[in-house]
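Contents: one structure, followed by commentary.
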Ligand code: S3P
């Protein structure tokens, strides 16, 4: 397995925060697919959605991970919440490294993203209902794609980071190397 950790999960599940903490702990590079696309296009995700539509954005996501899969090692990759939904993307993520699903409850997301204007899919009326439907549809896909599922509600960043770190070290056999080196 390539030595990368890929974080997937719904908006507000903490992919960026946990990703940065993991990158610090492992001395890995931190990458974020949304930030990558915004930088490449020199504009915001909201603008891409408004100007070119969701399908265009999804094509950019696929192109981004195809590129990262070829060129990335020793990195933590935080992905946009809708990225694993395309079947071909799921397979690329699994090839890229250890895929971790940050599972979050609707109530936590509502609290964390209250007043958010940056996420085009969570604007307008009936946000709570939209969220509920999206989570029902997406959660089985996240679960199916990931090597590890971590529930994030009511846990600290340190607890979540440690849980992922421990599992990653086992998956990559680095726990044994550490033992031997003692
Ligand atoms: C999306 C999640 C966003 C961003 C875009 C669409 C989604 O990323 O890619 O607004 O479909 O869930 P975050 O999960 O980082 O918020």
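The values are calculated or read from the model by the stated rules, or taken from the named source; none is laboratory data. Being a predicted model, the structure only gives us computed values, none of them experimental. Don't worry about glycine lacking a Cβ; one is built from the backbone with ideal geometry, like all the others, and counts go over all protein chains shown.
Here are some notes:
- Taking the numbered list (1) on the phi > 0 side of the Ramachandran plot; (2) within 19 Å of the chain's Cα centre (by Cα) in turn, residue 68 passes all entries but (1).
- Answer from 135, 110, 102 - the residue that is over 29 Å from residue 27 (Cβ atoms), under 15 Å from the mean Cα position of the chain (by Cα) and at pLDDT 95 or above: 135
- Enumeration of residues in segment 129-150 that are closer than 14 Å to residue 104 by Cβ and touching a helix residue (DSSP H, G or I) at 6+ places or on another chain (Cβ under 9 Å): 131, 132, 134, 135, 138, 142, 146, 149, 150
- Residue ID - farthest from the ligand (Cβ to nearest atom), chosen from residues in segment 93-113 that are surrounded by fewer than 19 Cβ atoms within 10 Å (Cβ to Cβ) and in a helix (DSSP H, G or I): 95
- Selection status of residue 82, in contact with a helix residue (DSSP H, G or I) (Cβ under 8 Å, 6 or more places away or on another chain) and touching a residue at least 12 places away in the same chain (Cβ under 8 Å): yes
- For segment 5-14, the count of residues that are closer than 22 Å to residue 147 by Cα, more than 12 Å from the ligand (Cβ to nearest atom) and in contact with a strand residue (DSSP E or B) (Cβ under 7 Å, 6 or more places away or on another chain) is at least one.
- Residue among 22, 85, 31 that is at pLDDT 95 or above and within 21 Å of residue 153 (Cβ to Cβ): 22
- The condition of being more than 14 Å from the ligand (Cβ to nearest atom) and within 23 Å of residue 53 (Cβ to Cβ) holds for only one of 125, 116, that being 125.
- Looking only at segment 59-83, and only at residues there that are surrounded by 13 or more Cβ atoms within 10 Å (Cβ to Cβ) and in a loop (DSSP other than H, G, I, E, B), the one that is farthest from the ligand (Cβ to nearest atom): 74
- Of the set (1) near the ligand (Cβ under 10 Å from one of its atoms); (2) over 13 Å from residue 6 (Cβ atoms); (3) touching a helix residue (DSSP H, G or I) at 6+ places or on another chain (Cβ under 6 Å), all apply to residue 36 but (1).
- Among the residues of segment 129-139, at least one is away from the ligand (no atom under 15 Å from the Cβ) and loosely packed, with under 11 Cβ neighbours inside 10 Å.
- Residue in segment 47-58 that is within 16 Å of the ligand (Cβ to nearest atom), modelled with pLDDT of 95 or more and either under 20 Å from residue 167 (Cβ atoms) or in a loop (DSSP other than H, G, I, E, B) (or both) present: yes
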